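**Q** Questions regarding the structure given below will be posed in turn.
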Amino acid sequence: MKKQSKFGVGIFVIVAALGFLAWLGYGESKTYYHTIAELETLKGSSLSQRMRIGGTVAPGSIHHLSGRVDFVLEGEGKTLPVSYIGTDPLPDTFIDKSQALVEGRPGPDGRFVAEVVQAKCASKYEAAPGGKSGAAPSPTERSQMQGVGGHRAPGISGG
Amino acid sequence: MDVFGSFALVLAFVCAVYAFGGGIAAIVTRHPLLIKSARQAGIATCCLIFLATFSLEYLFFSDNFSIAYVVSHSNRDLSTFYKIAALWSGQEGSLLFWSFLLSIYVFSVLLTYRNKNGELMPYVGVVMAGVQIFFLTLNNFVASPFKALASPGADGVMNYVARTDGNGLTPLLQYPEMVIHPPNLYSGYTGFTIPFAFALGALLARYPGEKWIHLTRKWTMIAWMFQSMGILLGAHWAYAVLGWGGYWGWDPVENASFLPWLTGTAFLHSVMMQEKRGMMKVWNVWLVFITFLMCILGTFLTRSGVVSSVHAFARSSIGAWFVGFLSVIILVCLGAYLKNRDYLKSENQLDSIVSRESSFLFNNLILLVSCVAILSGTLFPVFSEWITGDRISVGAPFFNKVNIPIGLLLLFLTGVGPLLAWRKTSTDSLKRNFGWPLAIGLVAGVIALLFGFRQIYSWICLVLCVFVASTVGMEFYRGAKVIRARTGASLVASAVELTMRNTRRYGGYVVHVGMVFVFIGLAGAAFNRDLQKDMRQGDTLKIGPYTLVLQGFDTKPEKNYTAQRLLVEVLEDNKPTMMLYPEKRRFSTTEENGTMVAIHSTLQEDLYVVYAGTSPDTQLPVIHAYLNPLVKWIWFGGVVVVLGTLVALLPNRRAVLVLSGAQQPAAQPLARELAPSVSLRERHD
């Protein structure tokens with residue numbers, strides 16, 4: 001019995017310590033997913049949370065300035081001006097009309113300050129073959145837009 | 001050829017259903033002809049899947065742009081090399097590729113054991129056919145790669161069209177690693193089907209003894225080796241192509257590939273407890289089940305895009321199928337376990353906390369904790385939305401905080417575990433086995449401190465790496481010395497002889513050394529530096545011992561893209577060393593960009609130069625230079641891991657006769673120490 005409890009204590013200490021570290025890491029890096037439309041309805045402390053927002057890059061809106069890149073995200077009929085201040089170069093896939101995910105916090109002037117930008121091409125190579133090709137590009141395309149644009153694609157939020 | 005391919009797929013589906021149904025009937029009736037026909041249906045399934053895969057590849061090579069999948073992933077200018085890779089660059093093709101690789105395994109298993117293990121094989125065949133049926137369902141009815149390009153006309157009739165050229169392959173995938181990374185990773189994912197099928201089959205058949213473990217050891221190691229290679233090649237691809245200076249970002253798909261590796265590694269270790277001591281039977285069976293579940297989950301995460309990721313090239317309704325399949329697997333495993341759990345009774349208890357058993361136990365525990373942490377972190381957005389309604393993700397700090405200590409603990413156990421005795425280890429043997437390695441490790445640590453090493457985790461990692469390497473070195477040295485004393489061969493030749501006599505044990509040590517190298521490389525990340533600068537022609541940028549001089553630019557038109565190159569001269573300690581050519585690529589068909597990072601790699605550090613675009617203020621090209629210490633050790637360590645696994649897969653050389661025999665125990669105390677473990681281990685191979 002004594003041996004068993006030794007193991008018990010050992011296992012408990014390891015799991016508890018790692019659990020504590022996980023909790024610390026969680027607090028440090030948790031990021032809320034929001035849509036552009038939801039951002040307007042947020043109030044108070046939820047505005048200072050780190051968040052991730054998805055949308056489509058408005059054509060012609062990308063401006064490279066010194067130390068930052070400004071662009072506008074569109075989604076669900078709303079727009080959101082974004083300033084990217086991260087040091088990593090923007091991904092090659094970040095171009096007009098690409099689907100982008102930005103991570104950061106809303107700034108005081110209504111601009112979203114992003115530290116991380118991920119982008120995915122608007123998969124035109126999947127959509128191009130027209131109506132009924134491959135894995136039915138049109139629904140795929142639609143769910144991609146909804147999916148990246150806030151991760152609330154019906155199939156996911158429903159279950 | 002497309003008709004041929006889809007017909008082969010349908011036929012494969014029919015055969016798989018027969019192999020499954022006929023197999024069950026064979027188990028019930030025990031009719032030898034039925035058993036044979038089910039097995040042959042399984043073989044036929046595999047051959048038909050091979051045919052279907054080759055015909056899709058043929059469509060790529062014949063530039064058949066009437067097929068939607070070919071149009072989406074290839075074009076006339078695409079080189080041969082990438083036309084092979086185009087097969088798995090999209091959803092439909094990669095699912096077919098999954099079936100293809102699985103078929104290679106199933107085919108080999110069915111042929112290898114066609115006249116052996118008659119009691120067990122029908123069960124194994126049924127499980128394998130079940131997995132094949134699932135993927136063939138997807139291949140045939142959900143995501144067929146053979147769909148012709150067509151659109152419904154005004155009258156509702158489909159108009160088939162052929163295009164003159166395709167859309168080309170995504171530039172991100174046009175990189176040599178992308179041709180070998182997915183096959184490796186998928187070979188890992190699919191390979192774990194075999195131990196799963198044997199474990200489930202043995203449980204269902206109540207197959208006596210640990211034989212299923214001996215039968216699957218090689219298959220598990222092959223799958224594990226491919227998985228390891230796949231993960232490292234993926235990391236290398238991310239490093240060399242994505243241009244952000246790192247190789248691992250805790251991206252959902254990276255995590256997905258890592259999960260089965262963790263549980264698979266746990267399994268490879270804990271089976272030894274079952275083989276030697278008859279313990280952990282329930283645990284082992286569940287580890288295999290979970291590993292297989294993780295493989296399916298990994299495929300699901302990659303293909304469905306449930307969690308957004310840079311890899312999620314495809315988002316589709318295919319997710320529901322995978323969730324269904326995962327549920328079926330869980331139910332079947334749970335049912336089989338509940339029904340036959342008395343068959344898995346443990347024969348022994350843990351004796352002491354300082355024993356081989358307990359080191360395996362803790363190894364398994366922390367591998368599992370790591371797996372749980374990574375899994376929950378990866379799926380956090382999905383779960384948090386279910387529970388709170390908010391979709392919350394966790395990032396790199398979460399994963400790093402948990403996994404760095406886990407990695408270090410594992411590294412520690414890597415050094416300690418193999419030298420602890422089974423059951424109970426005496427203080428005396430602790431001193432003998434660990435005294436020197438510990439001292440050497442600590443000396444290395446003190447030296448590092450004197451050189452101004454101040455990163456705590458990296459420091460611990462360094463000490464442990466030296467410690468583990470010394471324990472392994474000592475093991476080889478001791479064993480080799482014994483052989484040298486007997487045969488008079490050189491120490492190196494004796495070490496080789498030693499390894500060949502017990503490939504499993506010493507191959508395992510080689511794998512451990514490979515992991516030490518990987519850890520050395522990972523520890524280097526704490527010292528990464530980077531600098532970014534707008535560069536006029538002739539400007540210089542200094543980073544570490546290197547000075548980069550921008551000599552000029554050029555434009556290089558290639559078949560498929562146009563490359564803009566920066567010509568960067570590199571001076572090391574002010575001596576001209578080499579030229580680097582970081583590139584931006586513009587792909588004509590897709591109007592997409594690609595980056596080619598220029599890397600000068602030495603064992604000490606990588607100089608990693610990115611052409612980061614044009615500065616908006618000055619209109620000058622921007623160079624982003626990184627100095628990443630020790631990265632090369634990771635890739636090198638990966639090679640060693642693979643070599644070690646290959647050694648462990650070799651059969652033992654039978655020259656053990658020299659060691660055994662009457663005079664053996666008396667000669668040297670070391671011989672006595674070596675001999676029991678040799679005989680203990682060799683019994684099973």
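**Q** Give me the distance in nm between label points sitting 7 Å out from Cα along the Cα-to-Cβ direction at B:Q349 and B:T540, one decimal.
**A** So the two model labels end up 7.3 nm from each other.
**Q** Please report how far the C-alpha centroid of the range B:428-464 lies from that of the range B:183-225, rounded to the nearest whole angstrom.
**A** 38 Å
**Q** Okay, moving on. Share of the range B:1-146's accessible area from carbon and sulfur, percent, 1.4 Å? Intermediate results must be reported in sequence, preceding the final value.
**A** On the way: 3650 of 5220 Å².
Looking at the range B:1-146 in its full context, I get 70 percent from C and S.
**Q** On a straight-distance basis, which aspartates and glutamates could pair with B:K276 in a cross-link, Cα separation under 19 angstrom, same-chain partners fewer than 8 positions away excluded?
**A** B:E210, B:E347, B:D351, B:E357, B:E673, B:E682, B:D685
**Q** Efficiency by 1/(1 + (r/R0)^6): what FRET value for B:R206 and B:L326, r their Cβ-Cβ distance, R0 = 25 Å, to the nearest 0.05?
**A** Working: r = 26 Å, r/R0 = 1.03.
Given R0 = 25 Å and the Cβ-Cβ separation, E is 0.45.
**Q** Could you state how much accessible area is buried at the B-A interface, both sides summed, with a 1.4 Å probe, in Å² to the nearest 100?
**A** 5100 Å²
**Q** I would also like to ask the following. Rounded to the nearest 500, what is the protein assembly as shown's calculated 222 nm mean residue ellipticity when only DSSP H runs of at least 4 contribute -39500 (n - 2.57) each, over all residues?
**A** Numbers: 26 runs with 477 residues, N = 844.
Per the formula, -19000 deg cm²/dmol.
**Q** By the gyration tensor of its Cα atoms, with a ≥ b ≥ c the square roots of the eigenvalues, what is the shape of the range B:486-559: rounded for a/c under 1.5, prolate for a/b over b/c, or oblate?
**A** Numbers: a/c = 3.51, a/b = 2.77, b/c = 1.27.
It is prolate, given that a/c is not under 1.5 and a/b is the larger ratio.
**Q** Follow-up. Tell me the per residue accessible area of the range B:446-569 using a 1.4 Å probe; a whole number in Å² is fine. Mind showing how you got there, number by number?
**A** Details: 5730 Å² over 124 residues.
So the range B:446-569 comes to 46 Å² accessible per residue, rounded to a whole number.
**Q** Only four residue types carry charge here, +1 at the Cβ of Lys and Arg and -1 at the Cβ of Asp and Glu. Report the dipole size of the protein assembly as shown about the Cα centre in Debye, rounded to the nearest 20. Let's see the in-between values first.
**A** Details: 70 positive and 53 negative charges, 713 e Å.
Roughly 3420 debye, rounded to the nearest 20.
**Q** Relative contact order, percent, of the range B:485-592 when contacts are C-alpha pairs under 8 Å separated by at least 6 residues?
**A** Values: 121 pairs, mean separation 15.4, N = 108.
Contact order relative to length: 14 percent.
**Q** Enter the Cα centre distance for the pair the range B:554-580 and the range B:109-125, rounded to the nearest angstrom.
**A** Spelled out, the Cα-based centre of one part sits 57 Å from the other.
**Q** Obtain the nm distance between the two label points defined at A:Q49 and B:H214 by a simple spin-label model: each point lies 7 Å from its Cα along the Cα-to-C-beta direction.
**A** Placing both labels 7 Å beyond Cα along the Cβ direction yields 5.7 nm.
**Q** Quick one: of B:K83/B:K575; B:K345/B:K481; B:K116/B:K345; A:K97/B:K533; A:K97/B:K147; A:K120/B:K575, which pairs are farther than 31 Å apart, Cα to Cα?
**A** Working: B:K83/B:K575 43 Å; B:K345/B:K481 41 Å; B:K116/B:K345 26 Å; A:K97/B:K533 28 Å; A:K97/B:K147 28 Å; A:K120/B:K575 42 Å.
Correct reply: B:K83/B:K575; B:K345/B:K481; A:K120/B:K575.
**Q** What residue among B:Y113, B:Y82, B:F97 has its Cα farthest toward the positive end of the dipole of the range B:70-200, where the charges are +1 on Lys, Arg and -1 on Asp, Glu, each on the Cβ?
**A** Ranked along the dipole, the leading option is B:Y113.
**Q** For chain B, calculate the relative contact order in percent as a whole number, restricting contacts to Cα pairs under 8 Å that are 6 or more residues apart. Don't skip to the end; give the middle numbers.
**A** Working: 1162 pairs, mean separation 68.4, N = 685.
Relative CO of chain B lands at 10 percent.
**Q** Still on this structure, please answer the following. So, for the range B:32-96, what is the accessible surface per residue at a probe of 1.4 Å, expressed in square angstrom?
**A** On the way: 2090 Å² over 65 residues.
About 32 Å² of surface per residue is accessible.
**Q** Residues with amide H under 5 Å of B:I67's amide H, sequence separation 5 or more or different chain, H placed in the peptide plane at 1.01 Å from N; which?
**A** Correct list: B:L149.
**Q** To continue, here is another question. Counting only heavy atoms of the protein chains, get the accessible area per residue of the range B:403-444 (1.4 Å probe) and round it to a whole Å² value. Don't skip to the answer; put the middle values down first.
**A** Details: 2100 Å² over 42 residues.
Accessible area per residue: 50 Å².
**Q** Would you jot down the residues in the range B:63-96 that end up with at least 40 Å² less accessible area in the complete protein assembly than in the chain alone, with a 1.4 Å probe?
**A** Hits at the 40 Å² cut-off: B:S72, B:E92.
**Q** Could you give the length gained on full extension between B:D573 and B:V282, defined as 0.36 nm per residue of separation minus the Cα-Cα distance, in nm? Could you put the intermediate results ahead of the total?
**A** Numbers: separation 291, 0.36 × 291 = 104.76 nm, distance 5.98 nm.
Net length gain for the segment: 98.8 nm.
**Q** Cut-off 12 Å, label point 7 angstrom out along Cα-to-Cβ of A:I11: give me the residues of the range B:331-353 whose amide nitrogen falls inside.
**A** Only B:350 pass the distance filter.
**Q** Follow-up. Any idea which of A:S48, B:Q132, B:V631 is furthest toward the positive side of the dipole for the protein assembly as shown, if Lys and Arg beta-carbons carry +1 and Asp and Glu beta-carbons -1?
**A** Towards the positive end, the residue furthest out is B:Q132.
**Q** Continuing with this model, one more query. Need one word for the protein assembly as shown: rounded, prolate or oblate. Basis is the Cα gyration tensor (sqrt eigenvalues a ≥ b ≥ c); a/c below 1.5 gives rounded, then a/b vs b/c decides. Kindly include the intermediate steps, with their values, before the conclusion.
**A** Numbers: a/c = 1.69, a/b = 1.22, b/c = 1.38.
Oblate, since a/c reaches 1.5 and b/c is not below a/b.
**Q** Further question: Pull out the extension gain between B:L334 and B:F141, defined as 0.36 nm times the separation in residues minus the alpha carbon to alpha carbon distance; nm, one decimal.
**A** Values: separation 193, 0.36 × 193 = 69.48 nm, distance 2.85 nm.
Extra length from B:L334 to B:F141 when fully extended: 66.6 nm.
**Q** Report the label-to-label distance for A:R68 and A:R105 in nanometres (one decimal), using points 7 Å from each Cα along the Cα→Cβ vector.
**A** 1.4 nm
**Q** Give me the percent of the accessible area of the range B:337-422 that comes from carbon and sulfur atoms, probe 1.4 Å, all protein chains in place.
**A** Details: 2200 of 3250 Å².
Roughly 68 percent of what the probe reaches on the range B:337-422 is carbon or sulfur.
**Q** With charges set only on the Cβ (+1 for Lys and Arg, -1 for Asp and Glu), what does the dipole of the range B:537-644 come to about its Cα centre, in debye to the nearest 20? If you can, show how the numbers build up before the last one.
**A** Working: 9 positive and 12 negative charges, 44 e Å.
Dipole about the Cα centre, nearest 20: 220 debye.
**Q** Less than 12 Å Cβ to Cβ from B:D77, Lys/Arg counted +1 and Asp/Glu -1: what total charge do the surrounding residues give? Intermediate values should be presented prior to the final figure.
**A** Numbers: positive: B:R76, B:K83, B:K559; negative: B:D63, B:D165, B:E558.
Here the count lands on 0.
**Q** Round to the nearest 0.05 the FRET efficiency obtained for B:F4 and A:V116 when R0 = 51 Å and r is the Cβ-Cβ distance. Intermediate values should be presented prior to the final figure.
**A** Details: r = 47 Å, r/R0 = 0.92.
Plugging the Cβ-Cβ distance into 1/(1 + (r/R0)^6) gives 0.60.
The values are calculated or read from the model by the stated rules, or taken from the named source; none is laboratory data. Everything numeric in this text was worked out from a predicted model, so none of it was measured. All Cβ positions, even for glycine, are placed from backbone atoms using ideal geometry, and neighbour counts span all protein chains on display. Note: areas computed on protein heavy atoms with side chains; ligands, DNA, RNA excluded. Shrake-Rupley method; radii C 1.70, N 1.55, O 1.52, S 1.80 Å.
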